[in-house]
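Q: Okay, handing you the structure first.
The values are calculated or read from the model by the stated rules, or taken from the named source; none is laboratory data. Keep in mind the model is a prediction, meaning the values are calculated, not measured. Glycine gets a Cβ as well: all are built from the backbone with ideal geometry, and neighbour counts include every protein chain shown.
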Amino acid sequence: MGTDKRRLRLWGDGGPMLLEHAVIRAARISDDIVVALNDPEAWSGLPARLVRDEVEQSGPLAGLAAGLAVCRHEYALTLACDLPLVQDALIDALLAYPRPYDALAPIRPDEGARAPRNPQAAEPLLAIYRRTCLAAIRDCLQRGARALVALLELVDVRYLPPDIWRRFDPHGASFININSPDDAERVRQIIAGGLNH
């Protein structure tokens, strides 16, 4: 991106930054918002509990470990701030999915042709994890793994295929992430066109 994408304001100058937006979205469904990051001192005004990644520079797996270590509930929804168009209906469907499981992750729209139980095809940053995953996560980190897919290969996972989640997000907007200025501009245009949550 060339800049800290967490600070992007896709809803105009007076709108929230991406990280603030994710916290606002999470507050709709939980009384325990935990944000894992490497620079908590830079976000002191954020209305959430801020925790430092368990192992710095170890990617989302370290962030998940830090969050699960302090969360108050048995299950935690992960919501990456660079997925700004996650639909409320899809979040609600994930939360309503029958338990128990260790993890629940939707299959990305571009991966529908892959085997429906393929961890590589899942979106692990819009998923639900059980606190009992913490031991497996720490084992992955100890082995040098950084990607969440390493965890999905070790635990009991349920996958939500596109034919199911499209009932709640027909356009797949929830899976549009921001990795470049072009991505950010595309999302701004989608928001201006009226698609939000």
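Q: Could you give me the residue pairs with C-beta distances under 9 Å whose first residue belongs to segment 81-93 and is buried (at least 19 other Cβ atoms within 10 Å of the Cβ), whose second residue is of a type in the set (Ser, Thr, Tyr) wherever it lies, and which are 6+ apart or on separate chains?
A: Listed pairs, sorted by first residue: Leu83/Ser174; Leu85/Ser174; Val86/Ser174; Gln87/Ser174; Leu90/Ser174; Ile91/Ser174.
Q: I need the full set of residues from segment 24-55 which are closer than 19 Å to Ala184 by Cβ and either in contact with a Gly (Cβ under 6 Å, 6 or more places away or on another chain) or without any contact (Cβ under 8 Å) to a residue 40 or more places away in the chain (or both), in order please.
A: Ile24
Q: Now a separate question. I'd like the full set of residues that are in contact (Cβ under 8 Å) with a residue 24 or more places away in the chain and either farther than 20 Å from Ser180 by Cβ or of a type in the set (Lys, Arg) (or both), limited to segment 1-23.
A: Lys5, Arg6, Glu20, Val23
Q: Out of (1) over 24 Å from Lys5 (Cα atoms); (2) at pLDDT 95 or above; (3) of a type outside the set (Phe, Trp, Tyr), the odd one out for Leu90 is which?
A: So Leu90 meets the others, but not (1).
Q: Something else about it: Only one of Ala147, Ala184 is of a type in the set (A, V, I, L, M), at pLDDT below 95, within 28 Å of Asp53 (Cα to Cα) and surrounded by fewer than 18 Cβ atoms within 10 Å (Cβ to Cβ); which?
A: Result of the check over Ala147, Ala184: Ala147.
Q: Please pick out the residue among Ala62, Ala22, Ala69 that is surrounded by 17 or more Cβ atoms within 10 Å (Cβ to Cβ), within 21 Å of Thr132 (Cα to Cα) and in contact with a strand residue (DSSP E or B) (Cβ under 8 Å, 6 or more places away or on another chain).
A: Ala62
Q: Specify which of the listed residues (Asp82, Asp92, Asp31) is out of contact with any Leu (no Cβ under 9 Å at 6 or more places or on another chain) and part of a loop (DSSP other than H, G, I, E, B).
A: After ruling out the rest, the residue left standing is Asp31.
Q: I would also like to ask the following. Among the residues of segment 163-189, count how many are more than 16 Å from the chain's Cα centre (by Cα) and of a type in the set (Ser, Thr, Tyr).
A: 1
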